[in-house]
1. Which entries in B:20/B:55; B:14/B:66; B:14/B:41; A:42/B:14 show an alpha-carbon gap greater than 22 Å?
2. Let me know the Kirkwood hydrodynamic radius for chain A, please, with Cα pairs as the basis and the value in Å to one decimal.
3. How far is the Cα center of region A:85-104 from the Cα center of region B:72-113, in Å?
4. Using Cα-Cα distances under 8 Å and only pairs 6 or more residues apart, what relative contact order does chain B have, in percent?
5. For region A:1-107, state which GluC sites (Glu not before Pro) are in a DSSP loop and have at most 15 other beta carbons lying within 10 Å of their beta carbon.
6. Three principal axis extents, largest first, for the C-alpha atoms of chain B, in Å?
7. Do any of A:59/B:64; A:59/A:111; A:57/A:111 go past 30 Å between their Cα atoms, and which?
Amino acid sequence: ILNVEQSPQSLHVQEGDSTNFTCSFPSSNFYALHWYRWETAKSPEALFVMTLNGDEKKKGRISATLNTKEGYSYLYIKGSQPEDSATYLCASVYNQGGKLIFGQGTELSVKP
Amino acid sequence: GAVVSQHPSWVICKSGTSVKIECRSLDFQATTMFWYRQFPKQSLMLMATSNEGSKATYEQGVEKDKFLINHASLTLSTLTVTSAHPEDSSFYICSASWTGEVDTQYFGPGTRLTVL
């Protein structure tokens, strides 16, 4: 059974703080790692799809890194804003077009 | 672009009744649609994958006779929970992908099902 773990489960920060969280996944036969941002009552929004070891992607104040050999990815948010409050999900994939195996998510709350 | 809608957003039904949930791709042709379920404090778990015009492929442990999936067109897939029971109460969410981006899934907003 493939298991994806995210930590921490929840995080409360002040506006302006930078934060990061972790996604750990089985590295054997790895194909891709997805990050999603999910606000309450909305659809999960794709942030990044990462495939290469050492890859780093950036979207505004959010960036992610990937280590496929040891099976982890970090998501960083620089200067958190209240609108960043959401649950951040990661999901690993083990073949092209294959199923997403999700972690439980990290719930981020940013207080003004 | 790449918007997926889901209807209804929530539904309450009595035990023994059937419930249908619709998933629509609004601005693209979804060659593949996926149905996930999430129980409280747990991960999104894939239930089944369906390709347009084909029978759905169910994940191990998911009863195909209980969770009927139809993907009759490139923009619509339906999940019918037959003879629903309280243990079927959960959050159901669909996603869709298309041939130009097979590795990206676009999600609907989900449906909260409560079975009394």
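Readers should treat all values here as calculations from the given coordinates under stated rules, not as data from a laboratory. Quick caveat: nothing in here was measured; it's all calculated off a predicted structure. As a convention, Cβ positions derive from the backbone with ideal geometry for all residues, glycine included, and neighbour counts pool all protein chains shown.
1. B:14/B:41; A:42/B:14
2. 14.0 Å
3. Region A:85-104 and region B:72-113 have Cα centres spaced 16 Å from each other.
4. About 37 percent, as a whole number.
5. A:15, A:39, A:70
6. Sorted largest first, the three principal extents are 41, 25, 23 Å.
7. A:59/B:64
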